[in-house]
There are 2 protein chains.
Amino acid sequence: MNHYTYDEIFIGQKESFEVCISGEMLDSFCGITGDLNPLHSDAGYARAEGYENRVAYGMITASFMSTLAGVYIPGERSLIKEVKIKFAKPVYPGDRLVIEGEVTDKNDTFKMIVLKVTMRNGKGEKVLRGSMDIMIRRDDQSEAG
Amino acid sequence: MNHYTYDEIFIGQKESFEVCISGEMLDSFCGITGDLNPLHSDAGYARAEGYENRVAYGMITASFMSTLAGVYIPGERSLIKEVKIKFAKPVYPGDRLVIEGEVTDKNDTFKMIVLKVTMRNGKGEKVLRGSMDIMIRRDDQSEAG
């Protein structure tokens, strides 16, 4: 986990990580949210709708923005204030996603950063574009815990 | 699960449901996303940061927008295109949330609706405000599956 302070973060800074989406992840997400929509749970239904396989919940893909902010950039001091998400392509079980964040703005008054988010699948296609406004907590204190 | 078609949906239409946030949900979300930020997993750390308890991931609260669209409104035919989220108050394990969606716009050309989303805790305080642009699939076909 990273522990960047507000002052350590610069415009243009990037962090990225990879995840592999699995059917078990979708099942687990369904267990949390109760979203029983068959597009995400029933491969036969999804194929009849013109998809390759059951489709990952958009909001499970978006959930990796939590990890991007809370673990990578800024890491520990992250407090997400606002999120914008556009879904560009379906994501399927077995897809390996590269999740990247780039700092595009800093606000010294509020100690906030804007992180542009891009997620690409194994073919290099953008599956999600988004942004987050993130406050950096405890900028001038030592690390707790 | 609802199965509203585009034509059946009207501006002003509302749907809502309730969920109780649990520590197990946060653990499960961490298992999916790998977001190990201690604000969400370590009650002692969170209290030292000024919170009542471990704080629910913003993106887990936001994930109930998936259920709102995919189960309630429009239900089965939902295809979320775009999401905007503002986090207003922390959510804690044990909080009971009322999640409400209201149709604020319809686009006949693209068969899309705009859903305004509000989530309130047991004290009636808004914890999340947001909106979703949702396409309605298969408007003129019979239900599959």
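The values are calculated or read from the model by the stated rules, or taken from the named source; none is laboratory data. Values in this document were obtained by computation on a predicted structure and should not be read as measured data. With ideal geometry, Cβ positions are generated from the backbone for all residues, glycine too; neighbour counts draw on all protein chains shown.
Here are the numbers:
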| quantity | calculated |
| --- | --- |
| So A:Glu102, is it more than 10 Å from chain B (Cβ to nearest Cβ), under 14 Å from the mean Cα position of the chain (by Cα) and either more than 17 Å from B:Ser41 (Cβ to Cβ) or assigned to a strand (DSSP E or B) (or both) | yes |
| Matching entry among B:Ile113, B:Ile80, B:Ile73 (being touching a residue at least 24 places away in the same chain (Cβ under 8 Å), in contact with a helix residue (DSSP H, G or I) (Cβ under 8 Å, 6 or more places away or on another chain) and among the β-branched types (Val, Ile, Thr)) | B:Ile80 |
| Which numbered condition B:Pro93 fails, given (1) assigned to a loop (DSSP other than H, G, I, E, B); (2) more than 7 Å from chain A (Cβ to nearest Cβ); (3) out of contact with any Ser or Thr (no Cβ under 8 Å at 6 or more places or on another chain) | (3) |
| Filter result (of a type outside the set (Lys, Arg) and more than 17 Å from B:Leu128 (Cβ to Cβ)) within region B:44-62 | B:Gly44, B:Tyr45, B:Ala46, B:Ala48, B:Glu49, B:Gly50, B:Glu52, B:Asn53 |
| Residue within region A:1-16 that is facing another protein chain (nearest Cβ under 9 Å), modelled with pLDDT of 95 or more and surrounded by 15 or more Cβ atoms within 10 Å (Cβ to Cβ) present | no |
| Residue match in region B:19-29 (condition: more than 30 Å from A:Tyr4 (Cα to Cα) and surrounded by 16 or more Cβ atoms within 10 Å (Cβ to Cβ)) | yes |
| Hits in region A:19-57 (condition: more than 7 Å from chain B (Cβ to nearest Cβ) and polar (S, T, N, Q)) | A:Ser22, A:Ser41, A:Asn53 |
